[in-house]
Structures are given as structure tokens and as C-alpha cells.
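> Quick one: the structure is below, and I'll ask about it shortly.
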């Protein structure tokens with residue numbers, strides 16, 4: 001008989017999501033389901049944390065994870081620990097690096113959200129801010145799309161994105177919106193100062209009120225016949241341009 005879990009939980013699936021969540025040590029793990037014996041680092045972490053490991057068939061894991069993309073491993077965990085804006089800003093204050101935030105507006109696709117998070121985490125982002133509405137919730141699907149990178153990231157989900165932007169400005173953070181109508185290109189925009197980059201969805205872009213509270217707008221030059229980039233690709237280009245600028249300034 002399966003042990004009843006009373007608290008709200010997530011079911012992570014796939015090697016990277018489960019492994020990175022174990023490594024990040026920010027979720028409580030209740031149990032791991034696997035179709036084959038665990039080995040290597042993931043087995044060591046499960047043993048160290050004394051997490052029950054249950055051997056199941058592929059069909060059972062598929063029903064448990066509600067996806068075919070489970071790589072024979074899934075885990076029941078606590079919910080992803082979302083930060084408040086206050087805690088996010090306090091956490092950044094401990095960082096020796098110049099603050100750099102990613103603000104995600106109107107990106108509702110879990111794959112794009114996960115890819116944005118993965119690029120931002122690889123770039124050493126200070127934190128990510130997204131609205132509670134008009135954005136993909138931080139589900140196991142987003143963790144899987146980020147290849148587990150979400151598990152290491154400080155993310156705030158806010159009721160009012162404009163209010164969050166005002167809090168950033170009070171901390172001396174300059175806010176740049178990524179928009180095809182921006183006067184300067186991303187390569188002409190100075191992102192070596194304490195900064196926040198706003199990325200909007202493919203279909204809607206940055207909402208008008210959010211755009212009005214950006215300090216500046218910039219665009220990514222495009223020369224081919226297609227006049228738009230995928231949101232996660234555009235975000236990755238812009239985030240790594242900021243990284244390049246900061247490395248050059250050292």
C-alpha cells in the first residue's frame with residue numbers, strides 16, 4: 001500500500017529534474033520511483049538524505065509522473081520554494097556580483113519559460129521575477145524544460161509586476177525592456193550597471209504598462225526574412241550580451 005502524502009506536492013520526472021533538485025536541496029523529497037537500480041551521484045544523494053526508493057514498472061511511473069518523458073525516474077517532492085520580492089532582494093544583497101535580474105512578462109509556454117530559466121541560471125542571474133498571472137506556473141514541466149536549472153534559481157512570482165519593478169528601481173536597478181521597436185540595439189545598451197532585463201512573450205511582447213515602466217527599450221538586430229525570435233532565444237541572446245559586457249569591463 002502506498003504511503004499517503006497529506007501536504008501539497010509535486011512529482012518531478014526525468015533524471016536532470018530529480019538530480020538537480022536533490023543537489024539544490026531546496027525541496028523536501030518524500031519518495032523516488034525508479035524503473036531500474038539507482039547508481040552514481042543520484043543514488044548517493046538519495047541514500048544521504050534517506051529518501052525511500054520504490055521500484056516500479058514503466059507504466060506505473062508514467063501514471064505517477066503523468067508523462068512519458070520520465071527516463072524511468074520520478075520523485076514526489078514538496079512544492080518549488082518561490083521567493084517574495086523582499087527576500088529576493090535581500091538574497092541578492094549577499095552576492096558579490098553586480099545585480100542582474102530577468103523579468104518574464106506574458107511568457108505562458110512551459111518550454112519557453114524553462115529554456116529562459118536555464119539560460120539565466122547558466123549566466124549567473126541574481127534572480128527571476130514573473131507575474132502570478134500571464135506566466136507559466138513553476139510546475140514540474142518547467143523544471144524538466146529547464147533541465148533542472150529551475151531548482152537552483154531564486155524566483156519571485158508577484159501579483160503586480162509594475163510594483164515589483166518599482167521596488168527594483170528603489171534598489172538602484174536600471175530596467176531595460178527587450179522590444180523590436182527599441183531605439184538602441186542590445187549591443188549598444190550598457191548592461192554593466194545593476195540591471196533588470198524584461199522579456200515578453202512571442203505573441204504579445206511586453207505589456208504596455210510594463211513597457212512604460214522600463215527605463216529604456218532595446219532590440220536584437222535581425223537581418224533575415226523572419227522578423228521575430230523565439231522568446232527564450234531572444235532572452236538568452238540578451239542575457240549573454242550582458243555577461244559579455246560585464247566580462248569586458250573587469
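Just so you know, all these numbers are worked out from the coordinates, no wet-lab data involved. Nothing here was measured: the structure is a model prediction, and the numbers come from that model. With ideal geometry, Cβ positions are generated from the backbone for all residues, glycine too; neighbour counts draw on all protein chains shown.
> Using DSSP, restrict attention to beta bridges with both residues in the chain and report what percent are antiparallel, rounded to the nearest 5. Kindly include the intermediate steps, with their values, before the conclusion.
Numbers: 10 of 36 bridges.
Percentage antiparallel, nearest 5: 30.
> How many angstrom lie between the Cα centre of the stretch 46-112 and the Cα centre of the stretch 158-199?
Rounded to whole Å, the Cα centres lie 26 Å apart.
> Run the paramagnetic zone check for residue 248: 7 angstrom along Cα to Cβ, then residues of the stretch 170-204 with backbone nitrogen under 11 Å.
Zone members listed by number: 187-192.
> In nm, to one decimal, how far is the modelled label at residue 223 from the one at residue 90, with both set 7 Å along Cα→Cβ?
Each label point lies 7 Å from its Cα, and together they span 4.9 nm.
> Right, here's the next one. Using DSSP, restrict attention to beta bridges with both residues in the stretch 1-144 and report what percent are antiparallel, rounded to the nearest 5. List each step's numbers first, then the result.
Details: 9 of 15 bridges.
Around 60 percent antiparallel, to the nearest 5.
> What's the exposure ranking of 33, 174, going from fewest to most Cβ atoms within 10 Å? Write out the running numbers ahead of the final one.
Details: 33 23, 174 17.
If I rank by nearby Cβ atoms, fewest first, I get 174, 33.
> Another one. Just to verify a number: FRET efficiency for residue 180 and residue 133, C-beta to C-beta distance, R0 = 25 Å, to 0.05?
Details: r = 24 Å, r/R0 = 0.96.
Given R0 = 25 Å and the Cβ-Cβ separation, E is 0.55.
> Rank these for me by crowding, 223, 30, going from fewest to most other beta carbons within 10 Å. Numbers along the way, then the final one.
Values: 223 4, 30 16.
Lowest count first: 223, 30.
> Right, here's the next one. How large, in Å, is the stretch 10-77 by the Kirkwood hydrodynamic radius built from its alpha-carbon pairs?
On the way: mean 1/r = 0.0868 Å⁻¹.
So the Kirkwood estimate lands at 11.5 Å.
> Can you give me the convex hull volume of the Cα atoms of the chain, divided per residue and expressed in Å³?
Working: hull volume 37.3 nm³, N = 250.
Looking at the chain, the number lands at 149 Å³ per residue.
> So if each residue of separation counts as 0.36 nm, and I subtract the Cα-Cα distance between residue 163 and residue 69, what length gain in nm does that give?
Values: separation 94, 0.36 × 94 = 33.84 nm, distance 3.79 nm.
Here the segment from residue 163 to residue 69 would lengthen by 30.0 nm.
> As I understand it, the value is the acute angle between the Cα axis of helix 231-249 and the longest principal axis of the Cα atoms of the chain; what does it come to in degrees, rounded to 10?
70 degrees
> Show that you can apply the helix-only estimate: for the chain, add -39,500 (n - 2.57) for every DSSP H stretch of four or more residues, divide by all residues, and state [θ] at 222 nm to the nearest 500. Display every interim value, and only then the final one.
On the way: 9 runs with 89 residues, N = 250.
Computed mean residue ellipticity for the chain: -10500 deg cm²/dmol.
> If you don't mind, another one. Counting other beta carbons within 10 Å of each residue's own, what order do 16, 203, 152 fall into, fewest first? Don't skip to the answer; put the middle values down first.
Working: 16 18, 203 10, 152 15.
Ascending Cβ contact count within 10 Å gives the list 203, 152, 16.
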